[in-house]
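Everything on this sheet refers to the single structure shown next.
The values are calculated or read from the model by the stated rules, or taken from the named source; none is laboratory data. Computed from a prediction, not measured in an experiment: that's the story for all the values here. Cβ placement follows ideal geometry from the backbone for every residue including glycine, while neighbour counts extend to all protein chains displayed.
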């Protein structure tokens, strides 16, 4: 039960941290129950639990607030909705294909806008045609419109992407491959191994069981039928 209380305090802190900005000094309030121990020692277990809950609550609010990016001229999201831009960056995930499209996470390092080149950071989600294929570690030059992800009536797509650290999307940009295999060698091996396991599951299991197995064990959800997803 104590763990449940602390967990609930942590979740409440994340929720309120998205809505209210607490000063760092609020963390000192978490220690107030400890100060009461000499006077209410018979309630020491409850006071200690309250202390841990308050620490979890305020810790979660500050964790949420510090995790939000500073959107300035060095951050990719600063250039959202400002027309066509040219971005250079590294494919930072194993692109996911679904039906006729593929989704790519591009970790940006440079942007050209208004005939000026600037060093930046931040990740954009690219949505492109299924071919040609791109791979983790590719260095791409991308030309298109940086946009803010939409929020639908039944799904907060913008919030979903922001929880992954993505604040910009580009739909069907012009893409040029500048270089290949520039990412982490370990991640390249892991993605290659995951794709190998995916092919093994495809060959040994019928559909849709194979698609479900790939989604559950490997996190590859692109082949799961919409009726099951």
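For the subset of the range 162-172 comprising residues that are surrounded by fewer than 19 Cβ atoms within 10 Å (Cβ to Cβ) and not in a loop (DSSP other than H, G, I, E, B), which member is nearest to the chain's Cα centre (by Cα)?
Result: 162.
Condition (residue is part of a helix (DSSP H, G or I), surrounded by 13 or more Cβ atoms within 10 Å (Cβ to Cβ) and at pLDDT below 70) applied to the range 66-89: is it met by at least one residue? Spell out the reasoning first.
Pass one, the range 66-89, residues part of a helix (DSSP H, G or I): 66-67, 76-79.
Next, from what is left, pick out any that are surrounded by 13 or more Cβ atoms within 10 Å (Cβ to Cβ): 76-79.
Going one step further and asking which of them are at pLDDT below 70, we end up with none.
The answer is no, given that none of the residues of the range 66-89 is part of a helix (DSSP H, G or I), surrounded by 13 or more Cβ atoms within 10 Å (Cβ to Cβ) and at pLDDT below 70.
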Point to revise | The one condition in (1) modelled with pLDDT under 90; (2) on the phi > 0 side of the Ramachandran plot that residue 137 fails to fulfil | key: (1)
Review point. Residue 161 versus (1) touching a strand residue (DSSP E or B) at 6+ places or on another chain (Cβ under 9 Å); (2) not assigned by TED's automatic domain parsing to the domain that holds residue 81: which is the lone unmet condition?
Key: (2)
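Do we find a residue being within 15 Å of residue 103 (Cα to Cα) and either modelled with pLDDT under 80 or surrounded by 16 or more Cβ atoms within 10 Å (Cβ to Cβ) (or both) anywhere in the range 189-208?
no
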Review point. Is it fair to say residue 61 is modelled with pLDDT under 80 and crowded, with 17+ Cβ neighbours inside 10 Å?
Key: yes
**Study point:** Wholly within the range 105-147, strands (runs of 3 or more DSSP E) carrying at least 3 residues that are outside the structural domain of residue 171 (by TED's automatic domain parsing) and within 13 Å of residue 93 (Cα to Cα)
**Key:** none
Study note, to complete from the structure: residue 39 meets each of (1) at pLDDT below 75; (2) assigned to a helix (DSSP H, G or I); (3) more than 18 Å from the chain's Cα centre (by Cα) with one exception, condition (2)
Review point. Do we find that residue 156 is in the same structural domain as residue 85 (by TED's automatic domain parsing), more than 14 Å from residue 77 (Cα to Cα), surrounded by 12 or more Cβ atoms within 10 Å (Cβ to Cβ) and in contact with a strand residue (DSSP E or B) (Cβ under 7 Å, 6 or more places away or on another chain) in this structure?
Key: no
Practice item. Answer yes or no as to whether residue 114 is out of contact with any helix residue (DSSP H, G or I) (no Cβ under 6 Å at 6 or more places or on another chain) and at pLDDT below 90. Key: yes
